[in-house]
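> Dropping the structure in here first, questions after.
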Amino acid sequence: MGLDTSLKVNSMTRISRQLGKYFIFVAMLSIGFITLVTNISINLFFSDYIKETRSRDDLKVVQYVEQVYGDSNGLAPQSLMSIMHYAYSEAVTIRLRDIQNNIIWSSGTPETMHDMMRGKEDNDSSLSFRSYPLNYKGNKIGTIDVGRPRSIISSVEDKQFLRTINSAFAVAFLFSLIIAILYSSRISKKFLTPIYLIKENAKLIEDGKYKKLYEVITNTYELHDLSLSVKELAERLNYQDVLRKRMTSDIAHELRTPLSTLQSHIEAFMDGVWAPDIEKLSIVYSEITRLTKLIKELSDLSIIESDEIKLNKSEINLSELLSNIVESFEPLFISKNIHLYKEIQGDIQFLGDEDRLNRVFINILSNACKYTNEDGDVRVSLEQLKDVIRVTVEDTGIGIPKEDIKHVFERFYRSDLSRSRGTGGTGIGLTITRALVEAHGGRVRIESEVGKGTKVIIEFAIN
Ligand code: ATP
Ligand code: MG
């Protein structure tokens, strides 16, 4: 495994190098391609052009020979000399055949003219001949072959022209190579600076320095997005860190208060300072109850946080279930002189876990009771809409500060308002509530205004 990883790391290349390679490759490819296409098109163009002009030029040669033949009434040595000079000046080879198709005379290639004159055979392999009938006074008297070099681009000027074009391409290639190298380093700088900064930020996050991230400035959409995601990740991790630290201190605090009350009471009993009467024992008892509740909530929380919620679902009458819970709360509300209103639509059926749903509504109602002052109102409603079943618990209590609303579902989160009231909550109720509602495929949200009240809305999709 170790060997594998090291091999992979060794074979990695920096982006700047890779970009450089790609740029150079693309420059080479484009110039190479353009050179090839240009050469091919020039050749094709010349070949068409030459084919077209050749027929025209050949015709001129035939006319010239016919004219010479006509002027001297045959092929006198003098006329053959004129034809040879003509052939030489036109850079063609002229061959004459008699009516039986035997070669009776050849002008030879301009290069071999001297050999020809000495009676040697001309070398025809590099020539391409075309034959035309030779007429005199309307009768065919033989054939004339006009030979020209095979190579399409034959003249020195043609070759020079191609060479010039190709060297222009070579210069262009050099230029594009230089531009590719310069541009690749510019481009890599543009992309790499933000990437390096994002990488540094990831390292800072790794070291837990969430607050010291570098500012990444880029106008590249994806990089901007990535840097924002990394920043958000840092903020979340930082928040989790704060939460974890606060959770430890909260648990310590929650445990310390009841335990020190218990300790002081029991010490007083043992020292004989206090008699263990009902009043004192009930204080001890309520502290033990608080501890038990806290431990129960912590264990519920650990189950919820380890994603182990297994629902024991059955068809339940939600209207009945909610009515019963509200009724069980009535004495508590009466004792606080809070008016409790019920608007529960009858016979709403829902497939859910009865115990868990009980727990959800108890948490919400106990909050409404805890955080509402005397003479306040609490309104509980249940209604079935088109797609959802909605439960609303609305109170006229202390409310939740705007900035706290999004945090109240986090474990141990309690707004300062509720802390200062000394209601003795642990800040776990809503965390459990949300997890259970979501386990039922529902959603819970809170609307609240400080001093005016809070509205908790739970919606279950109709199943
Ligand atoms: P417990 O775990 O015992 O329920 P708790 O009530 O403090 O403790 P949650 O029920 O999770 O915890 O509520 C979290 C916080 O949300 C509360 O501390 C309080 O600040 C705020 N809150 C919840 N419900 C209300 C409400 N109806 N009115 C005002 N504040 C509320
Ligand atoms: Mg609560």
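> Considering each of Leu197, Leu134, Leu174 in turn, give the residue that is among the hydrophobic types (A, V, I, L, M, F, W, C), more than 30 Å from Phe46 (Cβ to Cβ) and modelled with pLDDT of 80 or more.
Checking each option against the conditions leaves just Leu197.
> If you don't mind, another one. For the stretch 21-54, which residues satisfy the criterion of being among the hydroxyl-bearing types (Ser, Thr, Tyr), touching a residue at least 12 places away in the same chain (Cβ under 8 Å) and closer than 29 Å to Tyr132 by Cβ?
Passing the criteria: only Ser47.
> Something else about it: Here is a check on your reading of the model: is Leu75 surrounded by 13 or more Cβ atoms within 10 Å (Cβ to Cβ), touching a helix residue (DSSP H, G or I) at 6+ places or on another chain (Cβ under 9 Å), modelled with pLDDT of 80 or more and not β-branched (Val, Ile, Thr)?
For Leu75, the condition - surrounded by 13 or more Cβ atoms within 10 Å (Cβ to Cβ), touching a helix residue (DSSP H, G or I) at 6+ places or on another chain (Cβ under 9 Å), modelled with pLDDT of 80 or more and not β-branched (Val, Ile, Thr) - is met.
> Looking only at residues in the stretch 324-367 that are of a type outside the set (Asp, Glu), under 21 Å from Ser448 (Cα atoms) and part of a strand (DSSP E or B), which one is least open to solvent (accessible area, probe 1.4 Å)?
Only one residue fits best here, namely Leu340.
> Additional query: Taking the options Arg434, Arg443, Arg421, name whichever one is open to solvent by 70 Å² or more (accessible area, probe 1.4 Å) and modelled with pLDDT of 95 or more.
Answer to the selection: Arg443.
> If you take the residues of the stretch 343-390 that are without any contact (Cβ under 8 Å) to a residue 40 or more places away in the chain and among the aliphatic types (A, V, I, L, M), which of them is farthest from ligand 1 (Cβ to nearest atom)?
If we take residues in the stretch 343-390 being without any contact (Cβ under 8 Å) to a residue 40 or more places away in the chain and among the aliphatic types (A, V, I, L, M), then Leu385 is farthest from ligand 1 (Cβ to nearest atom).
> Sticking with this structure for a sec: Quick test for you: out of Ile266, Ile295, Ile288, pick the one residue that is part of a helix (DSSP H, G or I) and modelled with pLDDT under 90.
Ile295
> When the stretch 250-263 is examined, which residues are found to be small (Gly, Ala, Ser) and surrounded by 11 or more Cβ atoms within 10 Å (Cβ to Cβ)?
Once the filter is applied, which keeps residues that are small (Gly, Ala, Ser) and surrounded by 11 or more Cβ atoms within 10 Å (Cβ to Cβ), the stretch 250-263 yields only Ser260.
> Turning to a different aspect of this structure: Could you grab me the full set of residues in the stretch 306-323 that are in contact (Cβ under 8 Å) with a residue 40 or more places away in the chain, open to solvent by 30 Å² or more (accessible area, probe 1.4 Å) and not small (Gly, Ala, Ser)?
Matches in the stretch 306-323: Ile309, Leu311, Asn312, Lys313.
> Filter the stretch 40-59 down to residues that are of a type outside the set (Asp, Glu), over 48 Å from the mean Cα position of the chain (by Cα) and open to solvent by less than 60 Å² (accessible area, probe 1.4 Å), then give me how many there are. So that I can check it myself, show each step before the final result.
The initial filter retains those residues of the stretch 40-59 that are of a type outside the set (Asp, Glu), namely 40-47, 49-51, 53-56, 59.
If we keep only those that are over 48 Å from the mean Cα position of the chain (by Cα) too, we end up with 46-47, 49-51, 53-56, 59.
Restricting the remaining residues to those that are open to solvent by less than 60 Å² (accessible area, probe 1.4 Å) gives 46-47, 50, 53-55.
Residues flagged as of a type outside the set (Asp, Glu), over 48 Å from the mean Cα position of the chain (by Cα) and open to solvent by less than 60 Å² (accessible area, probe 1.4 Å) within the stretch 40-59 amount to 6.
> To continue, here is another question. When you look at Leu311, is it more than 16 Å from ligand 1 (Cβ to nearest atom) and within 21 Å of Phe409 (Cβ to Cβ), yes or no?
yes
The values are calculated or read from the model by the stated rules, or taken from the named source; none is laboratory data. Not measured: the values here are computed from a predicted model. Cβ sites come from the backbone with ideal geometry, for glycine too, and all protein chains shown count toward neighbours. Just the protein is used for accessible areas: all its heavy atoms, side chains included, with ligands, DNA and RNA removed. Shrake-Rupley method; radii C 1.70, N 1.55, O 1.52, S 1.80 Å.
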